[in-house]
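Asker: Quick one: structure below, then a few questions.
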Amino acid sequence: MAASSDIQQRLTQLRQQLQQAGMAYYVLDAPIMEDAVYDQLYRELQALEAQYPELVTPDSPTQRVGDRPASQFTTVPHNIPLYSLENAFNMAELAQWQARWQRQLGTETVAAASYVCELKIDGSALALTYEQGVLVRGATRGDGITGEDITPNVRTLRSIPLKLALAAPPAVVEVRGEAFLPLTEFQRLNRIRAEADEMPFANPRNAAAGTLRQLDPRIVAQRRLDFFAYTLHLRDDAEGAPRSQWETLEWLHAAGFRVNPNRQLCPTLAAVEAYFQHWDTGRHDLPYLTDGVVVKLNDVHLQTQLGFTQKFPRWAIALKYPAEEAPTQVKAITVNVGRTGAVTPMALMEPVQLAGTIVQRATLHNQDRVAELDIRVGDTVVIRKAGEIIPEVLRVLPELRPAETAPYQMPDTCPECDSALVRSPGEAVIRCVNSSCPAILRGSLVHWASRDALDIDGLGEKLVEQLVRQPWVQSVADLYDLTPEQIASLERMGAKSAQNLVAAIAHSRQQPYARVLYGLGIRHVGKVNAETLAAHFASIDQLATATVEALAAVHSIGGEIAQSVNTWFQLAANQTLIERLQAAGLKLSGPPASATTTPTDSPCQGKTFVITGTLPTLSRKAAEDWIKQAGGKVTSSVSKKTDYIVVGADAGSKLAKAEKLAIAQLDEAQLTALLSQPNTDAPQAQSEKIPGVGLTKK
């Protein structure tokens, strides 16, 4: 199939962008593109060229090992090409790589094959040549065929021996490894640069590459680069040459090199996957950056049989971790109107894999953030998941911006109801203040029916969309007047479904006062604050007449929340809503404050808990409720203020963070024991043992 003009234009654009990025990185020492962006554009180019091989050109980046070396250094040929590694981005791609080398070798040798896994250090590759055990040359990767001779700079790295620690070193040996900048050094250098009003380094990898290309070795020495060796090249007839990658690492260690201590010999791909998964979280505690695992066939003889492609060794591959940041292209910018009227700009993007999920939309937060980013349709952007949940645009890459783009302008009127948008003094958010706005009504209904509010089964977003188009539902109070016949007239709603929904709405009248208060959607009043207010103001009438001062005096409420609550109850439309909810039979009062106050004899009084994983017998909600009844507070994220983390099966990243912060861990049995104790036995300091629990807080 012949390629369209659009395909040919895209191929040209990709080649130009990648060539410019390679020139900036390798020659000018001024990177213009994120590594993840380069990888994505490169893979797109590969895919298009594979689909249209007749359009592959000799100057395409896919036809080269790397970019040409910098001109200010003497170029030297590599005795053996310094290849880069093929990438795999999931276990399926790793299995495909295994299938390829197995087909080439045949089944007889496959059974005995094993792998060596090493962390992929995010640094700069070096080739070191030793003659009679003495360092005579240090070179960068360059284009893989020739590199830059930076021997004076290499000599400043204290983890590179100037003389091999071997009694009988080989006549000639080439050692390869990765020079990198430890995170503490990266932070120190950026502090120094900030104090000198210099541009900070973008990341440790670029800092390491730029350091190695300094013309003054004294500057290199001051930056304290480190080095891990990972392979060597000896003549085939060299005595004592390692027969495996594992023996190679042992040889390097004995010769005086630093070798990454986190290497592992793996007999199967299952063991490789276990290693990969372990370091997915463990890598965040390392003193250097790593973005994946290098997997190598252990047997050197098998490596020799497999050889190389034009660019990669067939016997090794880099298994990369899912991007925590990822590049993509903005296709459109729109705004979303929430239940509070807040107008949030959103970027609609080309789908991209991010932290294990496909992302197509990302928040731009508010008008100020849009202006700060200067984001435009057609821009290439880097996105991340804020708090590991909500995708957001982190930065724009203006060097990839198409010509003739225009800055995005926020709308002046609501896209839902055409009302004028308002920005209050001191706020970054613009809002629609029309209480009849369909978007606000939709958001209010969805929130009202949500699990933590009135928990109305069957009332989801699609049904809400239909309801707001009817004259029957203009507020949450109207839900309680709906008839089965009205609901049955909606799309995909039969008589039985309608009866079930009416029953679910009726059942929501039994939800407690605190849930109703949360369901009202008052700004800044989340689930926990709703429970706090319900505990201190025994009825909605008491809460509605409370002064700002009385509200602010409640523990954890504060002035901003108090003002928001007071303002909400002053609006006539909200007063009418409360009257209608009372008439509909909703619970708008609870036990007296004295009856709901947490007993002061609980060791959990005032303590903050985080729950992660699945507990053996308790549901997440049951555990939360029990902790709250004992006077504790449950939050969703781990911080220095967290007192305990309750750990169940399949605990996630919260556990790793808690361990890093030395937060006390409880299993379900220990939690039960703690909740059952009187305060007289409660720990008095963080270092004391928790009686009856058998746990010491670190």
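Asker: Give me the accessible area per residue for the chain, probe 1.4 Å, as a whole number in Å².
Answerer: Counting only protein heavy atoms, the per-residue value for the chain is 49 Å².
Asker: Another question about this same structure. Indicate the gyration tensor shape class of region 152-275 (rounded, prolate or oblate), computed on the Cα atoms with a ≥ b ≥ c the square roots of the eigenvalues: a/c under 1.5 is rounded; otherwise a/b larger than b/c is prolate and the rest oblate.
Answerer: On the way: a/c = 3.16, a/b = 1.57, b/c = 2.01.
Oblate shape, in that a/c is at least 1.5 and b/c is the bigger or equal ratio.
Asker: Measure off 7 Å from each Cα along the Cα-to-Cβ vector at residue 13 and residue 218, then give the distance between these two points in nanometres to one decimal.
Answerer: About 4.9 nm, to one decimal.
Asker: Next question, about the same structure. For region 77-236, just say rounded, prolate or oblate: build the C-alpha gyration tensor, square-root its eigenvalues into a ≥ b ≥ c, call rounded for a/c under 1.5, and beyond that prolate if a/b exceeds b/c, oblate if not. Intermediate values should be presented prior to the final figure.
Answerer: Values: a/c = 2.46, a/b = 1.41, b/c = 1.74.
Since a/c reaches 1.5 but b/c is at least a/b, the shape of region 77-236 is classed as oblate.
Asker: Report the extension gain between residue 361 and residue 672 in nm, rounded to one decimal, defined as 0.36 nm multiplied by the number of residues separating them, less their alpha carbon distance.
Answerer: Separation in residues times 0.36 nm, less the Cα-Cα distance, equals 107.8 nm.
Asker: Could you tell me which of 464, 439, 425 has its Cα farthest along the dipole of region 425-465 towards the positive end, charges placed at Cβ (Lys, Arg +1; Asp, Glu -1), taken about the Cα centre?
Answerer: 425
Asker: Return the calculated 222 nm mean residue ellipticity for the chain, to the nearest 500 deg cm²/dmol, obtained by summing -39500 (n - 2.57) across DSSP H runs with n ≥ 4 and dividing by the residue count.
Answerer: It comes out at -10500 deg cm²/dmol, rounded to the nearest 500.
Asker: Still on this structure: Below 15 Å, Cα to Cα, which aspartates and glutamates can residue 621 reach? Residues fewer than 8 away in the same chain don't count.
Answerer: 452, 455, 531, 668
Asker: Okay, moving on. Output needed: percent of Cα pairs per 20 Å distance bin for the chain, bins running from 0 to the one holding the longest distance.
Answerer: Once binned at 20 Å, the Cα pair distances of the chain give 14, 37, 32, 15, 1.
Asker: Between residue 461 and residue 74, what FRET efficiency comes out of the Förster formula 1/(1 + (r/R0)^6) with R0 = 56 Å and r the beta carbon distance, rounded to 0.05?
Answerer: 0.30
Asker: Under 14 Å Cα-Cα from residue 660, which aspartates and glutamates qualify once same-chain neighbours fewer than 8 residues away are excluded?
Answerer: Answer for residue 660, where 14 Å is the Cα cut-off: 285, 643, listed by chain and number.
Asker: How big is the charge dipole of the chain about its Cα centre, in debye rounded to the nearest 20, if each Lys and Arg gets +1 on its Cβ and each Asp and Glu gets -1 on its Cβ? List each step's numbers first, then the result.
Answerer: Numbers: 67 positive and 76 negative charges, 154 e Å.
Result for the chain is approximately 740 debye, rounded to the nearest 20.
Asker: Here's something else I'd like to know. Run the 1.4 Å probe and let me know the accessible area of residue 41, rounded to the nearest 10 Å².
Answerer: Near enough 20 Å² of accessible area.
Asker: Count the DSSP beta bridges whose two residues both fall in the chain, then state the antiparallel fraction as a percent rounded to the nearest 5.
Answerer: 85
Asker: Let me ask something else. Please compute the net charge surrounding residue 618, taking Lys and Arg as +1 and Asp and Glu as -1 over other residues with Cβ under 13 Å from its Cβ.
Answerer: Cβ neighbours under 13 Å give a net charge of -2.
Asker: State the extension gain, in nm to one decimal, for the chain segment bounded by residue 304 and residue 284, taking 0.36 nm per residue of separation less the distance between their alpha-carbons.
Answerer: Result: 3.7 nm gained on full extension.
Asker: I'd like the FRET efficiency for residue 253 and residue 372, computed as 1/(1 + (r/R0)^6) with the beta carbon distance as r and R0 of 45 Å, rounded to 0.05.
Answerer: About 0.35, to the nearest 0.05.
Asker: Moving on to the next point. In what order, largest first, do 296, 496, 331 sit by accessible area if the probe radius is 1.4 Å?
Answerer: Result of the area sort, largest leading: 496, 331, 296.
Asker: Could you list, by residue number, the cysteines of the chain that have no other cysteine's beta carbon within less than 4.7 Å of their beta carbon?
Answerer: Cys with no partner Cβ under 4.7 Å: 117, 266, 604.
Asker: Now, a different point. Between residue 244 and residues 5 or more places away or on another chain, which pairs have amide H atoms under 5 Å apart, with H built 1.01 Å from N, and which residues are they?
Answerer: Sorted by chain and number, the residues that satisfy this are 300.
Asker: While we're on this one: Carbon-plus-sulfur fraction of the accessible area of the chain, 1.4 Å probe, in percent?
Answerer: 51
Asker: Please compute the net charge surrounding residue 402, taking Lys and Arg as +1 and Asp and Glu as -1 over other residues with Cβ under 10 Å from its Cβ.
Answerer: Combined, the nearby Lys, Arg, Asp and Glu give 0.
Asker: Please sort by residue number the chymotrypsin sites (Phe, Trp or Tyr not before Pro) in region 454-532 whose DSSP state is loop and whose Cβ has at most 16 other Cβ atoms within 10 Å.
Answerer: Sites meeting the loop and neighbour criteria: 472.
Asker: For the modelled label position 7 Å from the Cα of residue 621 along Cα-to-Cβ, which residues of region 422-466 have backbone nitrogen atoms closer than 20 Å?
Answerer: Once the point is set 7 Å along Cα→Cβ of residue 621, 445-461 turn out to lie under 20 Å by backbone N, inside region 422-466.
Asker: Counting only DSSP beta bridges with both residues in region 607-664, tell me the antiparallel percent, nearest 5.
Answerer: Working: 1 of 9 bridges.
Restricted to region 607-664, the bridges split so that about 10 percent are antiparallel.
Asker: Take each of the peptides 639-647, 267-275, average the number of other beta-carbon atoms within 10 Å over its residues, and list them starting from the highest.
Answerer: Highest-to-lowest ranking by the protection proxy: 639-647, 267-275.
Asker: Using a Förster distance of 60 angstrom, determine the FRET efficiency expected from the C-beta separation of residue 193 and residue 488, and round it to 0.05.
Answerer: Taking R0 as 60 Å, the efficiency between residue 193 and residue 488 is 0.30.
The values are calculated or read from the model by the stated rules, or taken from the named source; none is laboratory data. Given the structure is predicted, the values throughout are model-derived calculations rather than measurements. Because the Cβ atoms are built from the backbone with ideal geometry, glycine has one as well, and the counts that use them run over all protein chains shown. These accessible areas exclude ligands, DNA and RNA; they are computed on the full protein's heavy atoms, side chains included. Shrake-Rupley method; radii C 1.70, N 1.55, O 1.52, S 1.80 Å.
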